[in-house]
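To start, the structure under review is shown below, and the notes come after it.
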Amino acid sequence: MNVAREPAELAEARRAIAVGTFDGVHRGHLRVIDAARSAGLRTGVVTFDPHPRVVLGGQVELLATLQRRLELFDEAGVDDVLVIRFDERLAELLPAEFAERMLRGIGAETVAAGETFRFGRGREGDLALLERLGFDVRRVPLVENVSSSRIRQLVHAGETEAAAALLGRPPEVEGIVVRGDGRGRELGFPTANLDVPEGLLVPPDGVYAGWSHDRRAAVSIGTNPHFDDVERRVEAHLLDFDGDLYGERLIVELWSPIREQRRFDSLEELVAAIDDDVERTRAALRPG
């Protein structure tokens, strides 16, 4: 898959493109990509970074980093991606100018988007404008109850299985493995401590069954109240794994909640609880 930051970086080709922010690349987004692919041309995606809502003064906790978005586009069979830097200058671009520079500028003949897609200065551009400009427009109806906003709500509520049904895969958290305090290894349950990118949505505190690095993982999110820690962490205990992951990027799927974070009366009770977390992780089913 080719990734470009400017239209001129892509080789000339007749393209059908899917356009949108695509945070999370959920089931609805995949329908848009499928609609572009159905045109029989080279399949492309035009997407934005950072999230337009952030640039326009809002706040968004992302479901996926840009790197993860690109990986998911690749898995969906996309040939080319144009990542457009969204800034104040782009926000002021007239809709017709955006269409000519960013869409026709990469050879787009067919444009697929969600039926409510808007673009250009003041969000004045719509799919009807693209039709008037001569593009073959594929309007994709919204999938009922499937949206990035709804998925964020579910993840915030710890409802990972319901979120997975909308995403088409389990919700994820990712980060670079950094050194922690080594307490998990001392207890017999070594963990990979993630440095999570700023702005990425992290589910509520608790212990979750999940998956990472090709194996099941018991994932702890929170401040570790048993040891009076104050720093919120994401720590993944990879089952049946004993290796060095420091410096690696891990993507951690969160399958289902196991229990809340809490203080235990003794270290023995804590170890017993983690033992139970591990067994419940072994028995967990992957949602989505």
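The values are calculated or read from the model by the stated rules, or taken from the named source; none is laboratory data. Predicted, not measured: the structure shown is a model, and the values here were computed from it. We place every Cβ from the backbone using ideal geometry, glycine too, and count neighbours over all the protein chains shown. Side chains are part of the model used for accessible areas, which takes the heavy atoms of the whole protein and leaves out ligands, DNA and RNA. Shrake-Rupley method; radii C 1.70, N 1.55, O 1.52, S 1.80 Å.
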Those residues that are of a type in the set (D, E, K, R) and under 19 Å from ARG69 (Cβ atoms), I need them from the range 16-43; list them, please.
-> ASP23, ARG27, ARG31, ASP34, ARG37
Within the range 172-190, is there a residue that is of a type in the set (A, V, I, L, M, F, W, C), in contact (Cβ under 8 Å) with a residue 24 or more places away in the chain and in contact with a Ser or Thr (Cβ under 8 Å, 6 or more places away or on another chain)?
-> no
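For every residue, the table says whether it meets (1) over 27 Å from LEU63 (Cα atoms); (2) open to solvent by 20 Å² or more (accessible area, probe 1.4 Å); (3) at pLDDT below 95; (4) not in a strand (DSSP E or B).
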| site | (1), (2), (3), (4) |
| --- | --- |
| GLY210 | no, no, no, no |
| ASP229 | no, yes, yes, yes |
| HIS237 | no, yes, no, no |
| ASP242 | yes, yes, yes, yes |
| GLY247 | no, yes, no, yes |
| GLU253 | no, yes, no, no |
| ARG263 | yes, yes, yes, yes |
| ILE274 | yes, yes, yes, yes |
| THR281 | no, no, no, yes |
Filtering the range 148-195 down to residues that are closer than 24 Å to GLU71 by Cβ, of a type in the set (Gly, Ala, Ser) and in contact with a Gly (Cβ under 7 Å, 6 or more places away or on another chain) yields SER148, ALA164, ALA165, GLY168
Working carefully through the options LEU133, LEU103, find the one that is open to solvent by 20 Å² or more (accessible area, probe 1.4 Å), modelled with pLDDT of 95 or more and not charged (D, E, K, R).
-> LEU133
GLY120 vs. criteria modelled with pLDDT of 95 or more and surrounded by fewer than 21 Cβ atoms within 10 Å (Cβ to Cβ) = no
Name the pairs whose Cβ atoms lie under 8 Å apart, with the first residue in the range 258-277 and closer than 14 Å to LEU187 by Cα, the second open to solvent by 30 Å² or more (accessible area, probe 1.4 Å) and assigned to a loop (DSSP other than H, G, I, E, B), and 6 or more positions between them or separate chains?
-> VAL271/GLY188
